[in-house]
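Comments concern the structure below.
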């Protein structure tokens, strides 16, 4: 497998089995892409709904852009979105489908074969291209762009939201850091079970950031990343939790 990602992300048994949790958000289409929206009050998620099936806009003034990990819309991920939406934050939560319905398959990690390794690398360089994801969210001009990206379309859809936060899980944590530099439209960032930790990314973050690591992230890498953050920060390791415990585990 690729050495940049935690093996436990793909081999540990999920905490919540698929099909057990009933999503309470709804699926819609934003800027031509599918997205899951959790709002207050919650409604049942239906992957067959279209734009017209989601009535009205949210009255929430806070919004959270939720970037999933390489496994996409897992049961645990959608539960997390609902928890955030129904917390005291009273924020709308939008989970864009950046991979367009095609996600990393856990069976590619079941056995270390040349074929599986090829599929993993191909996915990470295409659907899960970090650069492509950043451009998709903020527009081709980078973090200084306030128009042209998916976030601009999300903001147009939910005009009552005046402040947006970004949270990323594993792969999404890398993306969250990269969209939090100079000119970012976000007010705060969170990275959980962070993958691809690079102090150079942390040094460019200009908004408050929380980094929530598991026992599987290298302690020295987490420490170096935290030291490089020059903003208000909270860096914590959960020693009893596995990588991906908030998303696909």
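So if each residue of separation counts as 0.36 nm, and I subtract the Cα-Cα distance between residue 200 and residue 29, what length gain in nm does that give? Kindly include the intermediate steps, with their values, before the conclusion.
Working: separation 171, 0.36 × 171 = 61.56 nm, distance 3.44 nm.
In short, 58.1 nm is gained.
What's the exposure ranking of 102, 217, going from fewest to most Cβ atoms within 10 Å? Working shown, then result.
Numbers: 102 12, 217 23.
Least crowded to most crowded, the residues run 102, 217.
Could you list 167, 120 in order of exposure, starting from the residue whose Cβ has the fewest other Cβ atoms within 10 Å? Intermediate results must be reported in sequence, preceding the final value.
Working: 167 26, 120 21.
Arranged by neighbour count, lowest to highest, 167, 120 become 120, 167.
Sort 162, 74 so that the residue with the fewest other Cβ atoms within 10 Å of its own Cβ comes first and the one with the most comes last.
By the 10 Å Cβ count, ascending, the order reads 162, 74.
A short reminder: the numbers here are calculations on the coordinates, not readings from a lab. Everything numeric here is computed off the predicted structure, so don't read it as measured data. FYI the Cβ positions are ideal-geometry reconstructions off the backbone, even for glycines, and counts take in every protein chain you see.
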